[in-house]
Amino acid sequence: MNDHPRDMGSPEVSTPEPLAPQALFHACDPDLLDFQTTTELADPDQVIGQDRALEALHFGIGMHHEGYNLYVLGSTGLGRRTLVHRLLHANAAERPIPSDWCYVNDFDAPHRPRALRLPPGRGQTLRRDMQQAMEDIITALAAAFQSDAYRIQAQEIHDELKERDEKAFAALREKAARKSVVLMRTPGGYTLAPMRDGEILGAEEFEKLPKKEQQAIEAAIDELKEDLKQVIAQIPRLQREGRERHKELDLSVSGFTLDQQLDELRRKYQDLPEVQRFLDAVRADLLENADQIRGLGEEDGGGPNPAGQAARQLTRYKVNVLVDHAQSQGAPVIYEDTPPYQNLVGRVEHTVQSGTLVTDFTLIKSGALARANGGYLVLDAERLLGHPFAWQALKRALRAHEVRVESLETMLSMASTTTLEPEAIPLDLKVVLVGDRRLYYLLQHYDPEFARLFKVAADFSEDMRRDAEATHLYARVIAMLQRAGGLRPLSRDAVARVIEQAARRIEDGERLSLHMGSLDDLLREADYWAGQDRAEQVEAEHVEHAIDAGIRRLSRIREQVHEGILRGLQRVDIDGEHVGQVNGLSVISLGEFSFGRPSRITATAHLGDGEVVDIEREVELGGAIHSKGVLILSAYLAWRYSNDSPLSLAASLTFEQSYGPVEGDSASVAELCALLSTLANAPVRQSLAVTGAVDQHGVVQAIGGINQKIEGFFDVCSARGLNGHQGVIMPQSNCSHLMLRQDVVAAARAGRFHIYAVTHVDQAAALLTGLPAGRMDADGLWSLESLNGRVQARLKELARLRQAYSNRSGDHAPP
């Protein structure tokens, strides 16, 4: 057929014959499968149908430069996570185990804990060693200060200072005695009094002494008072010296004791300079707080407390192990299924003390970024974006190459409690986002940083080409899933039926679905029905039973819709003829289940100015694509029948009894045929339904849901009774997609139901009206007995009437 039938002298199109039954279902011939059951098949040695995605994954995992993180695209059920899991773990096993990370106290700035990097497995060792060391230090300090050696040295200092004090007072007493003055100690302090012959003189006795002697004694007492002041002033200096010497002794004893306990740790961690610096800081702080720490090991009565209880109080000397790789084998692979901000970055917890929230570095908890450091982090893109601030936190960490544990309230300046500013941890990891294509392209469009941070896209295919090699590989995949699930073996016929269903799922007889999730579900359900039959292996009828049972579980609404048609609530004619009425077909999708439904499409036409009104669009029920289809068919009318004169009709199109949105252009062929029927006054066979899109030249184009649409009309016809005249007109380009139910194929084989494939609207109109499309002569006129000729004649008649009305209006126009 000529691509443009309006061309002068174009040949008349032929009316197509019904499709052969074998064209309605692309069967998988069991004889082509060289096995009896799946037990004979080995697991596939390659991932089928995902060469592009596999290449991208290998590239992204192996590329260690900045920004080469991965986004894995595809719909749920393609096996994305399984393949990512396998590749990441295989690669991680060959990579070195990353470092442990700990937080320790910064004694100079306690609100800024320091991060310690340790070889794998040594973080917990250091934590235990420090805990044990502190317990030993508390006990050792208490014992050291209760030891005889310490008491002797302390007593020596005390005795020496006491002796020096007593010597000073003894010298003063001797000097006073030489001057007939006695030095006495009273409850109020020291005092000087006159003395004669060893006896202290009272006031009266002193007054009886000669004046000269009194004056000499008073002068001596004044001199001795000055000496006494000097001796008394010496007492605080001696006490201070005593304290300093005691402190030096305490520091010496404490330092010696600490060195005894810490030297073993120093030797054990001599290869780690950061740990050595930490131990130095611990020693310095312990020396500064030795009295308090010594007190932890002493009861009121002087006996030691349990060392463990004392150690729990010394949180400032603990080691908080943030990331531990003691049990790791290779690099970590972390899956964070719940990625809010705190789970991703980490958090700082708080405890309640006296009604106030407080915290310290031991309450810092790691997030997924820290745990995956040195390895791989796998995140669900949609869940990540669904949590506030999580996406920004991930980008910030990847840009800065570090993870900083910071609470949300601190980041938002909403904190009113004690907060910490932990030192950032250097970050080196590969992030793998798993999400759908919509999110990927939205991020590409709206987030300018996304393309720089996630440079590798691994796009999983939804289907694969169906040929002999692919069929055999698919059978091996089925065998692999059967063994992995612990299911019964499948017979050759059962495998063939599963492969056919894989083609039906993807709506293409020449392709196979790669949705491993749905394939696995089908195998499990078929195994269940085989178990119900107590069969040792799964047969084709068990697979068929599983398919039918799955449809039945979801088909309640379909049955209600079809029941409404059968009861006449939704009018659909499948017999007789009507002008301007065509049975169109649409698909209703309900999650995983979809079904076809016939609808009446009607058209009217009368004299007008060339406008074709889409009633669905006028009431805002028609979508943009549907409206485009109506505009295309109106352009087709003008191009084919009224190229040298304006269209002079006013037409309207509608889906009768349609109360919801209408979208898509798959009804444009039916709408055009209804309009042609109206213009030609040619009745349309109601036993046929039509689906297909049309272009401006009348070429019928492929549409989606072809199997559901055909089966939907078949179900209605079958319920009312097949009479051998019913059928569906469909696009020729959809023939490769046909995977119809076996009852539809059986009815076609028996001649009770027919499927017609057309390439041009002329063929569809001829089948519907029984009128030939006709042919155009050299003058651009169609034969009058043809459908096109009748349409052309009617349009010319409308044009003449319009011209007549225009002339009549002009005759009566005012001067």
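The values are calculated or read from the model by the stated rules, or taken from the named source; none is laboratory data. Quick caveat, the model's predicted, so the values are computed rather than measured. Methodologically, a virtual Cβ is constructed for each residue, glycine included, from the backbone with ideal geometry; neighbour enumeration extends over all protein chains shown. Surface accessibility is based on the protein's heavy atoms, side chains included, excluding ligands, DNA and RNA. Shrake-Rupley method; radii C 1.70, N 1.55, O 1.52, S 1.80 Å.
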Length gained when the stretch Arg524-Leu32 is fully extended (0.36 nm per residue, less Cα-Cα span): 174.7 nm
Surface per residue (accessible, 1.4 Å probe) for the chain, Å²: 49 Å²
Counting DSSP beta bridges with both ends in the chain, the antiparallel % (nearest 5): 65 percent
Residue-averaged 222 nm ellipticity for the chain, from DSSP H runs of 4+ at -39500 (n - 2.57), nearest 500: -15000 deg cm²/dmol
Expected-Rg normalisation [2.2 N^0.38 Å, Cα atoms] applied to the range 52-106: 1.51
Stretch gain in nm, segment Ala549-His158, where the contour uses 0.36 nm per residue and the Cα spacing is subtracted: 131.0 nm
Largest to smallest accessible area among Tyr446, Tyr636 [probe 1.4 Å]: Tyr446, Tyr636
Correct choice for percent of Cα pairs over 56 Å apart that was computed from the model, options (1) 45; (2) 18; (3) 25: (1)
Alpha-carbon Rg with Dmax, taken over the range 643-786, Å: 16.3, 51
Gap separating the Cα centres of the range 482-509 and the range 655-689, nearest whole Å: 39 Å
Spacing of the two label points (7 Å from each Cα toward its C-beta) at Asp227 and Arg396, in nm: 7.8 nm
Volume per residue that the Cα convex hull of the range 499-653 spans, once the total is divided by residue count, Å³: 186 Å³
Area projected by the alpha carbon convex hull of the range 422-524, averaged over all directions, nm²: 10.8 nm²
Accessible surface of the chain, 1.4 Å probe, proportion on carbon and sulfur as whole %: 48 percent
Helix 273-288 vs. the chain, principal-axis angle (Cα, 0 to 90°, nearest 10): 40 degrees
List Tyr68, Tyr269, ordered by accessible area with a 1.4 Å probe, largest first: Tyr68, Tyr269
The range 398-510 - charge dipole about Cα centre, Lys and Arg +1 at Cβ, Asp and Glu -1, debye rounded to 20: 620 debye
Efficiency of FRET between Ala20 and Glu409 - r from beta-carbon atoms, R0 60 angstrom, step 0.05: 0.25
Positive-pole candidate from Val728, Leu439, Ala233, dipole of the chain, charges at beta carbon: Ala233
By accessible area with a 1.4 Å probe, ligands and nucleic acids excluded, highest first: order of Glu711, Glu135: Glu135, Glu711
Gap separating the Cα centres of the range 623-648 and the range 67-110, nearest whole Å: 58 Å
Restraint check, Lys167/Lys247; Lys395/Lys430; Lys318/Lys365; Lys167/Lys225; Lys268/Lys318, Cα-Cα greater than 20 Å: Lys167/Lys247
Spin-label model distance (nm) - Asp428 vs Ile235, 7 Å beyond Cα toward Cβ: 6.9 nm
Debye equation applied to the C-alpha atoms of the range 734-792, log10 I(q)/I(0) at 0.14 Å⁻¹: -0.56
The range 343-464 - Rg (one decimal) and Dmax (whole number), Cα, Å: 17.1, 66
